[in-house]
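To start, the structure under review is shown below, and the notes come after it.
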Amino acid sequence: MAEKHIVTIGCDPEFFLYNRDDGHFVSSIGLIGGSKDKPRPIEAGESIGLAVLEDNVTLEFNIAPVASVNGFIQNVHEAKSIISSEILRPLNLAMREKVDSVEFAPEALASIEAQTFGCDPDFDAYSQGKQRVPPKPSALKNWRCAGGHIHLGWDKSKCDVPDWAIVQFLDLCGSLWVPENFTNSIRRQHYGLAGLYRPKPYGIEYRTPNNGWTYNNGTQLVGNLANTIAAIVDNPGRVREWYDLINWKEIGSCLSKGTWNNALHRAVTAQYGDLVNEILDLGAQARLDNGNKAKAAGRGVRFELGEVAA
């Protein structure tokens, strides 16, 4: 029996808060607790490793990584439910769905925390992993952004494919097919560009996605990301063959422009649909999903040519 590969999945998504009475956006600063250096553990979410923190004006949470797509998505939904009931509802606040960019009033951004952006640099997969120049705070003005970063881990000793190449395949087989990632927002222009990641000892932090996947069927995106990595780890000798078939400039441009179902997007997805399905199928066969009770979810989502044009 062929060896099965474990891909661990974690996340640290960010969310904007709003007042439940009037719908106005509210800064998280001073309300949630926790910081990048010392997240606030939530007792009710201890079983999933839930902790929260204030990241600029957003609420961010993280959970313990797992090796099951279904288990990960269930934990994300449980985390959001606990945060809503234990932290936000007593403050008459809620998380705003499907919003990754908000313009705040200047007075809401007067604190040092609201002027602090990021902690570590991003790297650009399309420049073979070079560190990218971070956005200037002045470019954002009074806008703030909320990401949906996904952490993916694998046994790096079994695969010498560079992180930057793997991230490009995550764009091709994952983000390219998820409508929620296609927004012409401020975040897309500054923090949601194609191929953004941070290398980690256990794998990578994939930083291109926004938080949209946490509200819809995140199984589609997360399953495809996990299966893509499993396919690469199981077939390192084929990665160069696959890589040379792809016009990566088109893939990067399609994602970074953030326009779903336009002419470029339809052309790119039609051209590479068969290859994407091949990679996802290989990954589904190679990946060990602990707790994979629903095989369809573990396999990710197949795509038919022209499906996105419907």
Residue set Ile32, Ile82; condition in a loop (DSSP other than H, G, I, E, B), in contact (Cβ under 8 Å) with a residue 40 or more places away in the chain and touching a helix residue (DSSP H, G or I) at 6+ places or on another chain (Cβ under 7 Å); output residue Ile32
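Here is a yes/no grid of residues against (1) at pLDDT 95 or above; (2) charged (D, E, K, R):
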| position | (1), (2) |
| --- | --- |
| His5 | no, no |
| Glu14 | yes, yes |
| Ser27 | yes, no |
| Gly30 | yes, no |
| Pro41 | yes, no |
| Ala44 | yes, no |
| Val52 | yes, no |
| Val66 | yes, no |
| Leu93 | yes, no |
Trp260 fails exactly one of (1) assigned to a helix (DSSP H, G or I); (2) touching a Pro at 6+ places or on another chain (Cβ under 9 Å), namely (1)
Screening Leu88, Leu109, Leu93 for residues that are crowded, with 17+ Cβ neighbours inside 10 Å, more than 19 Å from Phe61 (Cβ to Cβ) and in contact (Cβ under 8 Å) with a residue 24 or more places away in the chain leaves only Leu109
Of the residues in the range 151-161 that are touching a residue at least 24 places away in the same chain (Cβ under 8 Å) and farther than 17 Å from Asn224 by Cβ, the one that is surrounded by the fewest Cβ atoms within 10 Å (Cβ to Cβ) is Asp160
Here the residues within the range 1-30 that are in contact with a Ser or Thr (Cβ under 9 Å, 6 or more places away or on another chain) and small (Gly, Ala, Ser) are Ser27, Ser28, Gly30
Exactly one of Val66, Val52, Val26 is closer than 30 Å to Lys4 by Cα and hydrophobic (A, V, I, L, M, F, W, C), and that residue is Val66
Filter the range 9-53 for residues that are in contact with an Asp or Glu (Cβ under 7 Å, 6 or more places away or on another chain) and among the acidic types (Asp, Glu); the one that is surrounded by the fewest Cβ atoms within 10 Å (Cβ to Cβ) is Asp12
Counted residues in the range 4-29 being under 26 Å from Glu107 (Cα atoms) and either in contact (Cβ under 8 Å) with a residue 40 or more places away in the chain or within 19 Å of the chain's Cα centre (by Cα) (or both) come to 13
>> Looking at the structure I just gave you, is Asp100 surrounded by 21 or more Cβ atoms within 10 Å (Cβ to Cβ), under 17 Å from Ile29 (Cα atoms) and charged (D, E, K, R)?
In response: no
When every residue in the range 63-79 that is closer than 20 Å to Gly147 by Cα and surrounded by fewer than 20 Cβ atoms within 10 Å (Cβ to Cβ) is compared, the one farthest from the chain's Cα centre (by Cα) is Glu78
Taking the range 226-240 and keeping residues among the aliphatic types (A, V, I, L, M), within 11 Å of Arg287 (Cβ to Cβ) and surrounded by fewer than 24 Cβ atoms within 10 Å (Cβ to Cβ) leaves Val233
A careful count of residues in the range 118-150 that are among the hydrophobic types (A, V, I, L, M, F, W, C), within 18 Å of the chain's Cα centre (by Cα) and surrounded by fewer than 19 Cβ atoms within 10 Å (Cβ to Cβ) gives 1
Exactly one of Ile48, Ile63 is out of contact with any strand residue (DSSP E or B) (no Cβ under 6 Å at 6 or more places or on another chain) and in contact (Cβ under 8 Å) with a residue 12 or more places away in the chain, and that one is Ile63
Log entry, pairs with first residue in the range 189-211 being part of a strand (DSSP E or B), second being among the polar types (S, T, N, Q), beta carbons closer than 8 Å, six or more apart or on different chains, reads Leu196/Thr208; Tyr197/Thr208; Gly203/Thr8; Asn210/Asn181; Asn210/Thr183; Asn210/Ser185
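The values are calculated or read from the model by the stated rules, or taken from the named source; none is laboratory data. This structure is a prediction, so every number in the text was calculated from the model and none was measured. For neighbour counting, all protein chains shown are included, and Cβ atoms are generated from backbone atoms with ideal geometry for every residue, glycine included.
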